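The values are calculated or read from the model by the stated rules, or taken from the named source; none is laboratory data. These figures come from a predicted structure and were not determined experimentally. When we count neighbours, we look across all protein chains shown, and the Cβ atoms used for this are built from the backbone with ideal geometry, even at glycine. In case anyone asks, the SASA skips ligands and DNA or RNA and just uses the protein heavy atoms, side chains included. Shrake-Rupley method; radii C 1.70, N 1.55, O 1.52, S 1.80 Å.
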Amino acid sequence: MAGEEPEHLTQAARRQAQVDPLAGVRAPGDPPWDVYLTGTVFLDIIFTGLDSAPVRGTESWARGMGSSPGGVANMAAALARLGLKTSLAAAFGDDHYGDYCWDALAQGEGIDLSPSRTVPGWHSPVTVSMAYEGERTMVSHGHEPPPEEPAPDFPPRARAAVASLTPGRRAPWIAQAARAGTRIFADVGWDETGAWDLSGLADLEHCEAFLPNAQEAMRYTGAACPRAAAHALTEHVPVAVVTLGSEGAYAVDRRTAEAAEVPAIAVEALDPTGAGDVFVAGFVTGSLAGWPLADRLAFAGLTAALSVQEFGGSLSAPGWSEIGAWWRRVQSLPGQEPRALRRYAFLEGLVPEELDRPWPLRRAVPTIGFRRSG
């Protein structure tokens, strides 16, 4: 269903990327893909315009509704919109939901799905997300996953891969990819076992960077503050990035002895769904481009901040049009602190000079089932 090479990107996906952040480092013989991902794709149905959280025993009406691929698709879309050639291995149901998600990713975002497969008779996982007051409430449904993992034994050659580590369990593809020269960037979910044992994250030994949030980092290291936790994590992985919520993020690279902290950008948050994935995608982009640590951190924070101003996960990931529009707008506002502007000056040579579409871009799409006109 998807082309085998990045050259088969749709025109829509080409316009979306607009910028190749890796143009300066590309060379003959490079891997065909910039980033490889594997995981579960959900169909996300997003209700927006709720005045408050749903109340037990009552009916709430939402003023808006949209549909989009979710789960690992949030990360895949964020990477593709930043101009990275992205390949995804995932299982898709053979229902309407699976068809919709496949088409949205392959045709709409230009993501390579050649390592993915359609599973006959499998019900696509679904998440209903309700966004209100900058928060979200989610309800998910899914059947048992297919017996065979969608990740191949030998992942396709890629510059980088993003992995979600599971306490107490190895993912064989991570070691395979690392041995082939792929740079592994990892995040982790909440440890439901309560053990918080770094030795349980066995695949961390194959990773170049680890990107937990502040609570996760402190629990895994026993450190009293997130910054100390970041330094402690570099005993196990070369680069540690700890997100600090409304305070921004802090990172340490033991190889270069760099440390950087970037404050969060103050924005009106409509929906935080997928913001963590967008942050990781921004950091991976800057890392593959060879940017300094502080620039990578600033770019990741910026892309995450832009994403929470839109509804949905993969719907909200910004492209270079949005990044460029933000950079031009923030420079034109009176009273901007020169030091803050200098922090993002590296964008000047990257962002497109002209927008070919309005911004902010409203990406919400109709619910599945609408007929196409014409």
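The residue list Gly64, Gly49, Gly57, Gly29 contains one member that is farther than 26 Å from Val284 by Cβ, without any contact (Cβ under 8 Å) to a residue 12 or more places away in the chain and surrounded by fewer than 17 Cβ atoms within 10 Å (Cβ to Cβ), which is Gly57.
Any idea which residue in the stretch 175-194 is surrounded by the most Cβ atoms within 10 Å (Cβ to Cβ), counting only those that are farther than 12 Å from Arg219 by Cβ and among the polar types (S, T, N, Q)? Once the filter is applied, the top-ranked residue is Thr182. If Val72 satisfies all but one of (1) hydrophobic (A, V, I, L, M, F, W, C); (2) within 28 Å of Gly49 (Cβ to Cβ); (3) surrounded by 24 or more Cβ atoms within 10 Å (Cβ to Cβ), what's the number of the condition it fails? The number of the failed condition is (3).
Scan the stretch 173-192 and give yes if some residue there is closer than 27 Å to Ala90 by Cα and in contact with a Lys or Arg (Cβ under 6 Å, 6 or more places away or on another chain), otherwise no.
no
Scanning the stretch 115-138 for residues that are open to solvent by less than 70 Å² (accessible area, probe 1.4 Å), within 30 Å of Leu306 (Cα to Cα) and touching a Pro at 6+ places or on another chain (Cβ under 9 Å) yields Ser116, Pro125, Met130, Ala131, Tyr132, Gly134, Thr137. Listed by first and then second residue, the pairs linking a residue in the stretch 95-108 that is of a type in the set (Gly, Ala, Ser) to a residue that is assigned to a helix (DSSP H, G or I) and open to solvent by 40 Å² or more (accessible area, probe 1.4 Å), with Cβ atoms under 7 Å apart and 6 or more places separating them unless they lie on different chains, are Gly108/Ala12. Screening Ala240 with (1) closer than 25 Å to Pro172 by Cα; (2) more than 20 Å from the chain's Cα centre (by Cα); (3) at pLDDT 95 or above gives one miss only, at (2).
When Ala294, Ala232, Ala249, Ala224 are screened for being touching a strand residue (DSSP E or B) at 6+ places or on another chain (Cβ under 9 Å) and farther than 30 Å from Trp326 by Cα, only Ala232 passes.
Mind checking whether some residue in the stretch 334-345 is open to solvent by 40 Å² or more (accessible area, probe 1.4 Å) and within 28 Å of Arg183 (Cα to Cα)? Yes - at least one qualifying residue is present in the stretch 334-345.
Beta carbons closer than 8 Å, at least 6 apart along the sequence or on distinct chains, pair a first residue in the stretch 217-237 that is in a helix (DSSP H, G or I) with a second that is hydroxyl-bearing (Ser, Thr, Tyr) and open to solvent by 20 Å² or more (accessible area, probe 1.4 Å) for Pro226/Tyr250; Arg227/Tyr250; Ala228/Thr221; Ala229/Thr221; Ala230/Tyr250; Ala232/Thr221; Leu233/Thr221.
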